[in-house]
Amino acid sequence: MTRVSRTSFDAIVAGAGPAGSTTAYRLARGGASVLLVDRARFPRDKPCGGAVTGRALRLLPFSIDPVVESVPDRFELRLRGERRGGQQLDSPFVWITQRRLLDAFLVEQAVAAGVRFEDGTRVGGVEETADGPVVELAGRSVRCRALIVAEGANGTTSRALGLAAPRLRNVALEGNASYERVPAQLDRRGFTIEIGTVSGGYAWVVPKRDHVNFGVGGWEREGPFLRDHLRRLCESFGTSLDDLSDLRGHRLPMGGLHTGRLARGRVLAVGDAAGLVDPFSGDGMYEAFLSGSLAAQATLDLLAARVRDLDAYDAAVRGHLAAGFDVSWLAKLALDRFPGLAYAVIRSGVGRRLAERALRGDEPSAAAERLARTGTALFRRLASDATLARAA
């Protein structure tokens, strides 16, 4: 890969995951000069179930159909391994891909929009000056008017710059089994979620084009027990932990809205780097695309001298996500303490329809909005940051 010779850009985006690439794409389409960098060589894979919800897709300015491997039409919810059969979906609400394919595709869209891309390039440090950040990249200094940090859950730049540093994390463990290693009767057009076994989370089984993804995730304290949880899940589907390849663990950063600023001066954080992962589902794709869109708008305002800094981004993200995250924390705690009740609610016709509508991105009904307001108020009475910290 040829290094970019330019020494200044309107914006540098550090991290080429879904949040970073879509931010870079929108900035370039808005007329900005953009350098997108990532420490990994592309294409590269990331631990992820690979499910993109309808509400996430609605935020994209282009289709991801070229990298979609399946669109499930059945869904099975299990409680502690008990199987009651899958339910036919009224309409699709999740599209299955692989991060290796999706992330490379999103980078391609950004490059086609005019973004300069460097993979295998790590951010060495950032010096903040009156004219904007100066970023150390592979032994050279590159100046920019705005820096967007999108390094994901394990990046260190956002913390070094005093941006949101989530103290609440879930952990997950997943692996892939080829179809030769799973029973022939496994439903390739469906996916399975199991609750009640992993504290603070759930287990999942997601069929893809040439393999099945098995995974478990929950509170950080569940880390030492994840292999046992995953082993039991595999066995319940007629395979074994030894049949899995690409076995990987990862962290899911949560609570970014509660633990710091998302923007300061001419730098901001998006996606996982900002701790923007839904507490209940563990999904961060919608939050990545949303924060990327809001980050691009705030940055374009800065570049056009409509504002002096990126601080408005922080308020915009909170305005879009805070209430929903409060409800998700409540649902997470309720699922942890009352899994049987949560199972009954989700399996009920009303609960299933509400979940499907939310994941598809449909406009909420008046009843759903009332439920969200009630849940938010209850959450604020019953739970505090200290409560969540004890739960984690």
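The values are calculated or read from the model by the stated rules, or taken from the named source; none is laboratory data. Treat the numbers as computed from the prediction; the structure is a model and nothing was measured. In this analysis, Cβ positions are derived from the backbone assuming ideal geometry, glycine residues included, and neighbour counts consider all displayed protein chains.
Only one of the listed residues (Arg39, Arg55, Arg44, Arg78) is part of a helix (DSSP H, G or I) and either touching a residue at least 40 places away in the same chain (Cβ under 8 Å) or surrounded by fewer than 18 Cβ atoms within 10 Å (Cβ to Cβ) (or both). That residue is Arg55. Does segment 103-113 contain any residue that is buried (at least 19 other Cβ atoms within 10 Å of the Cβ) and either touching a Gly at 6+ places or on another chain (Cβ under 7 Å) or in a strand (DSSP E or B) (or both)? Yes, there is a match, as at least one residue in segment 103-113 is buried (at least 19 other Cβ atoms within 10 Å of the Cβ) and either touching a Gly at 6+ places or on another chain (Cβ under 7 Å) or in a strand (DSSP E or B) (or both).
Report whether or not Val171 is touching a Leu at 6+ places or on another chain (Cβ under 8 Å), in a strand (DSSP E or B) and under 28 Å from Asp326 (Cβ atoms). Please lay out each step first, then the result.
On the way: touching a Leu at 6+ places or on another chain (Cβ under 8 Å): yes; in a strand (DSSP E or B): yes; under 28 Å from Asp326 (Cβ atoms): yes.
Judged against the criteria, Val171 is a match.
Only one of the listed residues (Gly255, Gly238, Gly249) is over 17 Å from the mean Cα position of the chain (by Cα), modelled with pLDDT under 95 and over 21 Å from Val123 (Cβ atoms). That residue is Gly238.
Restricting attention to segment 258-267, the residues that are closer than 9 Å to Leu310 by Cα and either among the polar types (S, T, N, Q) or within 17 Å of the chain's Cα centre (by Cα) (or both) total 0.
With the structure loaded, tell me whether Val206 is among the β-branched types (Val, Ile, Thr), closer than 24 Å to Gly275 by Cα and crowded, with 23+ Cβ neighbours inside 10 Å or whether it fails that test. Steps first, answer last, please.
Values: among the β-branched types (Val, Ile, Thr): yes; closer than 24 Å to Gly275 by Cα: no; crowded, with 23+ Cβ neighbours inside 10 Å: yes.
No: the conditions fail for Val206.
Residue-level analysis places Ala315 outside the set of residues that are touching a Lys or Arg at 6+ places or on another chain (Cβ under 6 Å) and either on the phi > 0 side of the Ramachandran plot or assigned to a helix (DSSP H, G or I) (or both). Looking only at segment 125-141, residues that are in contact with a Pro (Cβ under 9 Å, 6 or more places away or on another chain) and β-branched (Val, Ile, Thr) come to 1 in all.
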